[in-house]
1. Figure the gain on full extension for T494 and S59 (residue separation times 0.36 nm, minus the Cα-Cα span) and round it to one decimal in nm.
2. Tilt of helix 347-359 relative to the longest C-alpha principal axis of the chain, in degrees (0 to 90, nearest 10)?
3. Grab the Cα-Cα distance for S312 and W228, subtract it from 0.36 nm times how many residues apart they are, and report the gain in nm with one decimal.
4. Extending each Cα 7 Å along its Cβ direction at N443 and S663, get the distance between those two points in nm, one decimal.
5. Figure the gain on full extension for Y90 and T189 (residue separation times 0.36 nm, minus the Cα-Cα span) and round it to one decimal in nm.
6. So, counting K/R as plus one and D/E as minus one, what does the shell of residues with Cβ under 13 Å around T211 add up to?
7. Using R₀ = 35 Å, calculate the FRET efficiency as 1/(1 + (r/R₀)^6) where r is the Cβ-Cβ separation of N359 and T242; round to 0.05.
8. How high is the FRET efficiency between T484 and K276 when r is their beta carbon distance and R₀ equals 45 Å, given to the nearest 0.05?
Amino acid sequence: MISKRLVGIGTSLALVVIGAVHGNAQAVTPSPKSEMIYFVMLDRFANGDTTNDYGSAGSRATVSQTGFQPSDSGYYHGGDIKGLSSQISYIKSLGFTAIWVTPIVRQNTVQGGSAAYHGYWGLGFDQVDSHLGTMQDWKDFVTAAHASGLKVILDIVLNHTGDIVKYGTGNYTYEPSSTSPYKTATGVTFSPTTVAGLNTFPALSATTSFTKRPYIDASQTNIKSPAWLNNVTNYHNRGDSTWTGESVQWGDFYGLDDLFTESPTVVNGWISVYQKWITDTGIDGFRIDTAKHVNEALWRAFLPAMRTAAASVGKPNFPMWGEVYDGNPVDTSYWVKNAAWNDVLDFPFQGKALDYVRNKNSSAITSLLNDDDLYTTANTSAKNLGTFLGNHDMGRVGSFLAAQNLSAAATLSQDNLIHALMFGLRGNPIVYYGDEFGLKGGNDKAARQDLFPTQVSAWKTETRIGGTAIGTKSSFATTNPLQTTLQGLTALRTNNPAIATGPQVVRIADTGLLIISRIDPATNIEYLEVFNTNSSAISATTTAPTVGATWQRLAGTGTVTSSKLITTAKPTAYGYGFFKASKAVPTPTSISVAMNQPSTYSGDQSLIGLSAKVTGCEFNTVEFFVQTSNNGAWQSLGSDDSPTFSNAAALASGLYRVMPVKSQFTKGTTVNFKAVVTGVGGVTATSATTSFTVN
């Protein structure tokens, strides 16, 4: 993984001091979302209706038919929509603003010695699985959540269905297109990438187009819904993915039927299915599974269609967090820059946050924040990302912290600290259900514990961070100090919007200590966020952000004091603190912005590196603009309000940056760029124009 991104810095710095923004350059950048999300695995959360535990098969059917075996971690345990509805007030009491629910569509109940309790083996994508309730139950839940001020984020899958398609060859090893190319129904070789989403996509035949010769058993001919999902030519049919090359998007996901998402039939089919979930049930957003395993052309059609459907029912902001399971921000940001995503899950944050807390690696966080510039466009920023500390696949944050074998008190303190870090940084924090009860477990099945009384033996005796083993009790009948921590953090973020979205400056990042300043643009009041991953208290000084201020502690522990031009922060061991200044940052008397010479971005040759330096003000928003022809209109490329930070010479501190994609401009043409800064009090300045010839 590349930890730092460098922008070429030219030697000529042209600048213009305080001036009005000229021409039509002052664009409006959309406000970032700021949700706080509670992620629920529905089958494991709360059982509100025991009559549906066996699904449509009934209690007298075999386990292979019902999928219900609550003593086995790989089968249904009984959680359902009515159970979730019964706990809306609990989720609200923790301070969350939205609930993310695992997929609720009808499932392939049992396959491969496990059940589809998790929701990712769908068969009926316009239906609710009978284990979970009815469509009316779902609509009632959405209505009740809205009445409590909670939004509903539905988990959906477009990449694959449950495993129904079989191969006549009997061989599930991946067949590369280099040796077995696709053929049209008439036998003509073609490449799906050249016709993805186009009306020129050819007709296919089960007997001619695929080497594997796909078929469906007669007893399952119409098992999927809508009906187009039962046509085997709507699947890639190449065998199991090898997780490299073309197989990442064309291979079956551990045997699951991988859809031919380049086909207009599939694209339009999914658009129709999920438009109805929006317009008919009132949901407020999607979490979209296996996003990077689907071709970009589908997303460029699907995502705008979903936004249009949402707007038609009065939801102009409809977030869709894509699961791009990758720890490199160059790779996760690719989907924002190239495939119409506004929001993806921040896997890089998850890894960097753990590195910081467990290894005292402060640079892990600063490199993460520096890389935020990769997500910036006219419509997007890193503030839209979904941040998390663990999940249902990789495991819980509690398991990662407990693996260090520290004392119970130290592990609890680290758990509090890492949650404070997530709530204190940009993005939309997502807490996995049960983390507030100190659940640990391993990865995959082991991280999907019941909150109602469990019948899984290992979960009865599993110790908890901040608590004891649950035994036969319900987690909802217990309390844990992590719940109080979360309530404090959600309240902090609700009452102080600058914590989530305000312009940011990193003050100190060294040997486990991290100090960050934020400012509220509406009041010009500064906040200090202090994090200490050391096992002892520490003291650090920095130039006073707000000269002569006193500091009110809003959450956490420790102190901050100011004396003349020096501010001293004293966080406790494994401690964090959020502090608010007693007075506003003064409006600057002068401000200027200078652009560096544009160059190809060294971290990704497909991008142009633009950077600018501001003098005269610490808290700024710098918006970058492009002009593609002389005297043409200036178009926004996006804004940056978090300058780079570095303790080393490899990356200059204090740079505001964006990285536009080269391919949006004609190769060989010269384009013009400029930057407009808005500082404290609304003072502005515009840089001189710089030029770049696209290579």
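Values in this text are rule-based calculations from the coordinates and carry no lab data. Treat the numbers as computed from the prediction; the structure is a model and nothing was measured. Using ideal geometry, Cβ is built from the backbone for each residue, glycine included, and neighbour counts are taken over all protein chains shown.
1. 152.0 nm
2. The helix 347-359 is inclined about 60 degrees to the chain.
3. Here the answer is 27.6 nm.
4. 3.1 nm
5. Numbers: separation 99, 0.36 × 99 = 35.64 nm, distance 5.72 nm.
Fully extending the segment from Y90 to T189 adds 29.9 nm.
6. Taking every Cβ under 13 Å from that of T211, the sum is +3.
7. 0.60
8. Step by step, r from the Cβ atoms, then E = 0.65.
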